[in-house]
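Read the structure below first, then the notes.
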4 protein chains.
Amino acid sequence: MALNLVHAGHELTVYNRTRERADGLVKEGVRVAGSPAAAVRGAEVAITMLANDQAVRDAMLVPAGETGAAIDSLPSRAIHMCTSTISVALSKELAERHAARGQGYVAAPVLGRPDSAAQKTLWIIAAGPPDHVERCRPLMEALGRAATVMGEEAWRANLTKIAVNFMLASMLEAMGEALALVSKSGIDAQRFLEVLNGLFNSPVYANYGKIIAEQRFEPAGFKLRLGLKDVDLALEAAHESAVPMPLASLIRDRYLNAIAHGRGEADWAALAEVAAHDAGL
Amino acid sequence: MALNLVHAGHELTVYNRTRERADGLVKEGVRVAGSPAAAVRGAEVAITMLANDQAVRDAMLVPAGETGAAIDSLPSRAIHMCTSTISVALSKELAERHAARGQGYVAAPVLGRPDSAAQKTLWIIAAGPPDHVERCRPLMEALGRAATVMGEEAWRANLTKIAVNFMLASMLEAMGEALALVSKSGIDAQRFLEVLNGLFNSPVYANYGKIIAEQRFEPAGFKLRLGLKDVDLALEAAHESAVPMPLASLIRDRYLNAIAHGRGEADWAALAEVAAHDAGL
Amino acid sequence: MALNLVHAGHELTVYNRTRERADGLVKEGVRVAGSPAAAVRGAEVAITMLANDQAVRDAMLVPAGETGAAIDSLPSRAIHMCTSTISVALSKELAERHAARGQGYVAAPVLGRPDSAAQKTLWIIAAGPPDHVERCRPLMEALGRAATVMGEEAWRANLTKIAVNFMLASMLEAMGEALALVSKSGIDAQRFLEVLNGLFNSPVYANYGKIIAEQRFEPAGFKLRLGLKDVDLALEAAHESAVPMPLASLIRDRYLNAIAHGRGEADWAALAEVAAHDAGL
Amino acid sequence: MALNLVHAGHELTVYNRTRERADGLVKEGVRVAGSPAAAVRGAEVAITMLANDQAVRDAMLVPAGETGAAIDSLPSRAIHMCTSTISVALSKELAERHAARGQGYVAAPVLGRPDSAAQKTLWIIAAGPPDHVERCRPLMEALGRAATVMGEEAWRANLTKIAVNFMLASMLEAMGEALALVSKSGIDAQRFLEVLNGLFNSPVYANYGKIIAEQRFEPAGFKLRLGLKDVDLALEAAHESAVPMPLASLIRDRYLNAIAHGRGEADWAALAEVAAHDAGL
């Protein structure tokens, strides 16, 4: 994603907790900063791409050493474009805290697996004040194939992303159970998937069906422990609004089961292993 | 479906418990019989398209009046092509009983909603002895756009159909919960579905998402009580093989909830109403 | 149970598929018959104590060899007292078929584990026409410590037994999850059970808590596969009345999981093993 | 509870956010303070009895006006005896923070409904360093009928309380489903409960069975929204240890359902209303 920005002509300063990861970008003309606060100093837009709420909090809000918190180092009128899948609650808090400093805040979580990032086929779900979203649009265009704007309040993009990931995890659970049923009965998984793909005719079904049938859970395109985090976010938002989501609860318990058996670093499609295991396969 | 067969040049005798339904076909050159046994007498292939196990049992196996059971009236060497979604157990029983009479038996459940039948875009999942399947192929081609053969044992087609319907019902449950979450939070359902469709890129998601968002549950394309029947079939087959399917169990309980509230005749996508109701929407 | 009847002065003829099991009773003055039909010939009351619907059907309704079906051998005016945990549907069918022959039918399922039978502390849940229940009362008093009459229709006793067994299985599931939580967190199971017993102050909790904490699942007091059967009966009755029972569904899936891992012959309290296993214990 | 302490001869200063609630105690010789910090100044033991984590945080840790945080006002060597049902995480945090100030911390959550408090029949689950627990013992004896000590780490008492409350809520869910099944089938709830009570022989089952059968959910002995909080605490602790608890998840969804329908202030036994409603009762 950093390369896509550079290739689109943007000037870039990066910070990564594991400095070596950033060093490879130096030869592309990217500056590497020693702290989040240093990275965003003087920037027009600060882009965060982090694993979870805690990481975004640590990077933006918590003072780190003499440099202070990044939010205090970001210029007034600059925008924080947050591409992470974070909670609705944190997104609302960021919107408030940035606004109090005269800064903009745009939520822009991305849909797509690692190869999508490299191939610039990520899809961005954005939300925020229209002028801020517009100012971020060239960046979104550099990063992905499309951006959908969900409204003027940033949390709307986060909740949409969370609900979409819940739909994906639901498909994984359904596939896991269906494949356990047909496989234990003696039907070839591939043959079953042909029918399934003929029906749904969806690249997403085709992709994950293949991963599950071939049990290619390593290396992870999206880690199972992040899958758990996302269903946790769905349940947290649902709790806040008093929306029972029994399927989300089921998925959460299945992910905990997988994690209790050491599968947190596997691809989140390894959710299907739980159904297979429960069936004695 | 009957018309499609006639238009393809096949000679057809039909039987329907509600005779009026069959009468409309007379002007197309279709013969109407007064009993299942009369309908199949002298036939090369007997096609059944019925709602459930009981209806197939009643039509084929149970002696009715002086005409006896249809299975005894069907000529030896003729084939019973059963397009209903029936249980794996009944499919195995039919295979045995037809074989004992020198008859063929092909399971050929169909995928598709009513308009698919009219538009000849049904998709047939077939299984049975290869020569019997081949003899039925012209009929399948007259009825639908494609046929996938799952193997030499008829039950394989039935289990595949059952598992596929479980995948569809799972999608409905997931959509119901996701839409309850985003709607109660204040996000427009249509906007959310745009993102969902952008991601899954599946006509099935598009179709059902629209039905649910617009709450067009009447008239039913596929009745909710039949949706319950199909998840019952999945759980019955899963029980037989000792395969726990918690998502199937969840769906079953949701369908029972809908039926307890008088929604058995609504479209099975009305499953989504349960999630909405539980959320107080 | 047979001994308790003999000791109470009743004349007894027994039949058991495994004849050796009955032979031990001969020295107590019990007659041993070669078939169910022979056993009930000339009897005032036929008592069945069998594992499930199929066994009751086989023993009472299905003609076996030259002796015919037991129901046809049982004298008119005699009573069938059925102590098995059978389905509401079969209980209704038996009531009808016995009535059609002028025979009585009393459902009298028993609560209690094997040692309760020996110690005559079984508890009988009875239902049936009042005069038939009264004629059976001396037998119930010989078998257990108490009998509760649920009404004039036999199925009421069966449904009550089924619902009570669901309550027991629910307790087992709850204990399994609670013990997995506290044990994995490092709290001693016995210490936790002391608190639990102090609160519930129930011999049932004390008994099963001990079995689970000590993992004494063999020999089975009540087999897990019968536990599955009983929750199946609950779900079947619930389906009939359109009553969603998600906790019953959960238990059913857990029992299937246990059975898929070869635990069908263990005590039904081994349900708790599933929660422990899921937690990686 | 305050009266029980006074009657046992202890000197008491109380603080309540709703001052009127405390005023009634003045005539009993109780001092009323204007802030938590003022209430604990000079105390030997600070007892907190609050609804949830946030309330304990607010009362003990958050500085309030000029008086500062109560934790800073509590003398070194004094003990905080926390009788609230709080999270394992907060209990661990309190243990650390009090220890850092040379203060003691004892977790002492109580089991029992409001009348138990008045009748001094509360049961206290305690944990903490043995000498601190001993110093609190006279207070526990003044408050309840018994105290069980779960170990030297305070969180052990909290987790035990959380797991016990999960067992209670599980019983409520099971009762709700069982009563929905038998009631919809036409069996009198009271008659069914007689059998259930005969089997479990537990005052807890008797008490809640009566509440549910008579639908006496107001006034609440323990509010449903607090029941939700407690199952949230169970799931939070379970998540921390990677322990899947599907029954706890089910209960959580049912409580959310009840809350979405405005039942948060009803007794937590109103959980049973959800099962009844789902069945169309």
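The numbers here are math on the coordinates, done by the rules we state, and not lab data. Keep in mind it's a predicted model, so treat the numbers as computed, not measured. For neighbour counting, all protein chains shown are included, and Cβ atoms are generated from backbone atoms with ideal geometry for every residue, glycine included.
Between copies, how close do the B:A206 label points come, placed 7 Å along Cα→Cβ, listed in nm from shortest?
Relative to the other copies, B:A206 has label-point distances of 1.5, 6.6, 6.7 nm.
Based on alpha-carbon atoms only, what is the radius of gyration of the protein assembly as shown relative to the globular estimate 2.2 N^0.38 Å?
In units of the globular-protein estimate, the protein assembly as shown measures up at 1.05.
Counting only Cα atoms, I'd like the Rg/Rh figure for chain D, Kirkwood definition for Rh.
Rounded to two decimals, Rg/Rh equals 1.01.
Quick check on chain C: helices-only [θ] at 222 nm, where DSSP H runs of length 4 and up contribute -39,500 (n - 2.57) each and the sum goes over total residues. Nearest 500, please.
-16000 deg cm²/dmol
Excluding same-chain residues fewer than 8 positions from C:K120, which lysines have a Cα within less than 26 Å of its Cα?
C:K27, C:K161, C:K210, C:K223, C:K229
Compute for region D:1-131: radius of gyration divided by Kirkwood radius, i.e. Rg/Rh, restricted to C-alpha atoms, rounded to two decimals.
0.94
How many partner chain Cβ atoms sit within 10 Å of a residue's Cβ in peptide C:142-153, on average, as a whole number?
Per-residue shielding by partner chains comes out at 2.
What residue among D:L199, D:L181, D:L224 shows peak mean-square fluctuation when chain D is described by a Gaussian network model with Cα springs under 10 Å?
Among D:L199, D:L181, D:L224, the largest GNM mean-square fluctuation belongs to D:L199.
Which far-off residues, 5 or more places away or on another chain, put their amide H under 5 Å from the one on A:A46, with H placed in the peptide plane?
Those lying under 5 Å, H to H, from A:A46 are A:I79, A:H80, A:M81.
Which whole number gives the average count of other chain Cβ atoms within 10 Å of the Cβ atoms across peptide B:164-174?
The mean count of partner-chain Cβ atoms within 10 Å per residue comes to 6.
Tell me, for the rotation carrying A onto C, which chain A residue has the beta-carbon closest to the axis and what that distance is in whole Å.
Spelled out as residue then distance in Å, it is A:P246, 4.
Once a ≥ b ≥ c are taken as the square roots of the eigenvalues of the Cα gyration tensor of region B:80-119, is the result rounded (a/c under 1.5), prolate (a/b larger than b/c) or oblate (a/b not larger than b/c)?
Oblate, because a/c is 1.5 or more while a/b does not exceed b/c.
Which distances in nm, rounded to one decimal and ordered from shortest, link the label point of B:R57 to the equivalent label points in the other identical copies, with labels set 7 Å from Cα toward Cβ?
0.9, 5.9, 6.0
Can you work out the FRET efficiency for the pair B:D115 and B:K27, with r the C-beta to C-beta distance and R0 = 30 Å, to the nearest 0.05?
Efficiency at R0 = 30 Å is approximately 0.85.
With chain A treated as a Gaussian network of Cα nodes joined by springs under 10 Å, which of A:T85, A:T67, A:T18 yields the largest mean-square fluctuation?
Of the options given, A:T18 has the highest mean-square fluctuation.
Shielding by partners for A:255-264, please: the mean number of other protein chain Cβ atoms within 10 Å of each residue's Cβ.
Across A:255-264, the average partner-chain Cβ count within 10 Å equals 5.
Loop by DSSP (not H, G, I, E, B), at most 12 other beta-carbon atoms within 10 Å: where is the longest site-free stretch of chain D for trypsin sites (Lys or Arg not before Pro)?
With a cap of 12 other Cβ atoms within 10 Å, the longest stretch comes to D:78-281.
State the answer as a single residue: which of A:L5, A:H98, A:A206 lies farthest towards the positive end of the charge dipole of chain A, with beta carbon charges of +1 for Lys and Arg and -1 for Asp and Glu, about the Cα centre.
Farthest along the dipole direction, towards plus: A:L5.
So in chain A, what percent of DSSP beta bridges are antiparallel if you round to the nearest 5?
Among the beta bridges of chain A, antiparallel pairing accounts for roughly 20 percent.
For region A:203-281, state the semi-axes of the equivalent ellipsoid (square roots of 5 times the eigenvalues of the alpha-carbon gyration tensor), sorted largest first and rounded to whole angstrom.
23, 14, 12
With each pseudo-label sitting 7 Å past Cα toward Cβ, what's the C:V204-A:E134 distance in nm, one decimal?
6.9
From the P(r) of region B:128-236, could you give the percentage of C-alpha pairs in the tail past 22 Å?
So the pairs more than 22 Å apart make up 49 percent of the total in region B:128-236.
Any idea what the dipole of region D:1-91 comes to, in debye rounded to 20, about its Cα centre with Lys/Arg Cβ at +1 and Asp/Glu Cβ at -1?
My answer is approximately 60 debye.
Suppose each label sits 7 Å from its Cα in the direction of the beta carbon; what would the A:E214-B:D58 distance come out to in nanometres?
4.9
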